[in-house]
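Worksheet: the structure to be examined is printed underneath.
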Amino acid sequence: MSVYLDNAATTQIDSEVIEAVCRVMKENYGNPSSVHGHGRKARAEIEKARRTAAAHLKASPAEIFFTSGGTEADNMAILCSIRDLGVKRIITSKIEHHAVLHTAECAEKDGVQLVFVKLTPNGHVDLSNLEELLASGPKTLVSLMHANNEIGNLLDLKKVSEMCRRNGAYFHTDTVQTMCHYKFNLQELDVDFLTASAHKFHGPKGIGFLYINSKVQVKPMIHGGAQERNMRGGTENIYGIVGLAKAMDVAYGELKQHQDHVQGLKTYMISELRNAVEGVKFNGDAEGDSLYTVLNVCFPHTPISEMLLFNLDIMGISASGGSACSSGSNVGSHVLAQLDRDQQRPAIRFSFSKFNTKEDIDFTVSKIAELFAKHKIIS
Ligand code: PLP
């Protein structure tokens, strides 16, 4: 049996998405910038996809800019706001994705002030500290993710956006892990920038978007042709764009079933692990304000702690030791390092999708129980 529980790293592509992508590949090869019929047909597909993405978020199509994914969209939001909006300070957290953290660190080298908001012991943003930081200081961009990709903690976007508005700060949120898992109404939620990536919601890799609030005017990030209304030169990834829109349609069409099913799997895994492994804990706020697709498990320390993930892999179970980019390398998780936890205890992130079943959880927990039965718990 093989079980895939690494859906926060990437997801299985939906068959309807594959069909939509293949259809455009076969039938629609024109360059969307060409003015002839083949070009106009390709352009029409892209603009239809843009309208679809915008409609799901209650945004205007002119506010959606397709990018190569979440990383590019995060870079664009941060770098454009420094260059074009007079931002002199970035407030973010130490548990953001590296697409935000490394971009902010790069900006710091260029003279932008970088400030980290305090976190609570279980990894939530300390909102009173954020309010204090915003009360004074230069023009600020707040960049905070909606859900943490390693531990799943959720941020109250409405509260933070209101706080930013009251204090005259711009607000960027990385919604890569939550897009298509929750509804967004950008008529009501007042954010300046929001980022998404299709491969996290059963769409293709290498395509995402940046939402830029129409009240915010920024200049091009990638120079070249006039694509994406002059904001991003380069022939559009029409296959990816069509696939992204289809994936949004599928996901939002079945959102409630998907939420119930996946939340059920997470809750079930928590209780099964508690029964199977003495002393098991959960990192972050697993049973509180938490993304239902992510469960970060804090296992007891045993002689095979270092090899836990490897052992699961041998048994056909794919999970992750941290974020996708740090799994497989020896670098410890920068997110777990910020939590009040025993850093010696091994942590594994299991992340679920609609394609997972109760049998997947039963198989995984039984294999984990076997491993712990064989090896004495140290602490
Ligand atoms: N932001 C978050 C929270 C993520 O989890 C990821 C992917 O792991 C990214 C950004 C980067 O997205 P992409 O892989 O599309 O560049």
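The values are calculated or read from the model by the stated rules, or taken from the named source; none is laboratory data. Treat the numbers as computed from the prediction; the structure is a model and nothing was measured. Neighbour counts are summed over all protein chains in view; Cβ atoms, including those assigned to glycine, are modelled from backbone coordinates with ideal geometry. Heavy atoms of the whole protein, side chains included, go into the accessibility calculation; ligands, DNA and RNA do not. Shrake-Rupley method; radii C 1.70, N 1.55, O 1.52, S 1.80 Å.
Taking region 43-55 as the search range and keeping residues that are surrounded by fewer than 22 Cβ atoms within 10 Å (Cβ to Cβ) and in contact (Cβ under 8 Å) with a residue 60 or more places away in the chain, which one is farthest from Ile238 (Cα to Cα)? Walk me through how you get there before you give the answer.
Restricting attention to region 43-55, the residues satisfying the condition of being surrounded by fewer than 22 Cβ atoms within 10 Å (Cβ to Cβ) are 43-44, 46-48, 51-52, 54-55.
Now narrow it down to the ones that are in contact (Cβ under 8 Å) with a residue 60 or more places away in the chain: 46, 48, 52.
On the way: Ile46: 6, Lys48: 11, Thr52: 14 Å.
Applying the filter and picking the extreme gives Thr52.
Being surrounded by fewer than 22 Cβ atoms within 10 Å (Cβ to Cβ) and hydroxyl-bearing (Ser, Thr, Tyr) is the filter here; which residues of region 59-101 pass it?
Ser60, Ser68, Thr71
Where the second residue is part of a helix (DSSP H, G or I) and hydroxyl-bearing (Ser, Thr, Tyr) and the first is closer than 18 Å to Glu108 by Cβ and modelled with pLDDT of 95 or more and lies in region 58-86, which pairs have Cβ atoms under 8 Å and are six or more apart or on separate chains?
If the second residue must be part of a helix (DSSP H, G or I) and hydroxyl-bearing (Ser, Thr, Tyr), the pairs left are Asp74/Thr103; Asn75/Thr103; Ile78/Thr103; Leu79/Thr103.
Quick one: which residue in Ile270, Ile241 is outside any loop (DSSP other than H, G, I, E, B) and outside the structural domain of Arg349 (by TED's automatic domain parsing)?
Result of the check over Ile270, Ile241: Ile241.
Restricting attention to region 151-196, and to residues there that are more than 12 Å from the ligand (Cβ to nearest atom) and at positive phi, which single residue is surrounded by the fewest Cβ atoms within 10 Å (Cβ to Cβ)?
Checking each candidate, the answer is Gly168.
Quick check on region 11-29: of everything there that is crowded, with 17+ Cβ neighbours inside 10 Å and assigned to a loop (DSSP other than H, G, I, E, B), which residue is farthest from the ligand (Cβ to nearest atom)?
Quick first cut of region 11-29, residues crowded, with 17+ Cβ neighbours inside 10 Å only: 11, 13-14, 17, 20-21, 24, 28.
Filter once more, so that each one left must be assigned to a loop (DSSP other than H, G, I, E, B): 11, 13-14, 28.
Values: Thr11: 11, Ile13: 14, Asp14: 17, Asn28: 24 Å.
Looking at residues that are crowded, with 17+ Cβ neighbours inside 10 Å and assigned to a loop (DSSP other than H, G, I, E, B), I get Asn28.
Listed here are the residues, each with its yes/no results for (1) part of a loop (DSSP other than H, G, I, E, B); (2) within 19 Å of the chain's Cα centre (by Cα).
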residue: Glu72; (1), (2): no, yes
residue: Ser136; (1), (2): yes, no
residue: Val142; (1), (2): no, yes
residue: Met145; (1), (2): yes, yes
residue: Asn149; (1), (2): yes, yes
residue: Lys159; (1), (2): no, no
residue: Met163; (1), (2): no, no
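Before we move on, is Leu265 away from the ligand (no atom under 16 Å from the Cβ), closer than 30 Å to Asp340 by Cα, out of contact with any Lys or Arg (no Cβ under 8 Å at 6 or more places or on another chain) and open to solvent by less than 20 Å² (accessible area, probe 1.4 Å)? Reasoning before the result, please.
Working: away from the ligand (no atom under 16 Å from the Cβ): yes; closer than 30 Å to Asp340 by Cα: yes; out of contact with any Lys or Arg (no Cβ under 8 Å at 6 or more places or on another chain): no; open to solvent by less than 20 Å² (accessible area, probe 1.4 Å): yes.
The answer is no for Leu265.
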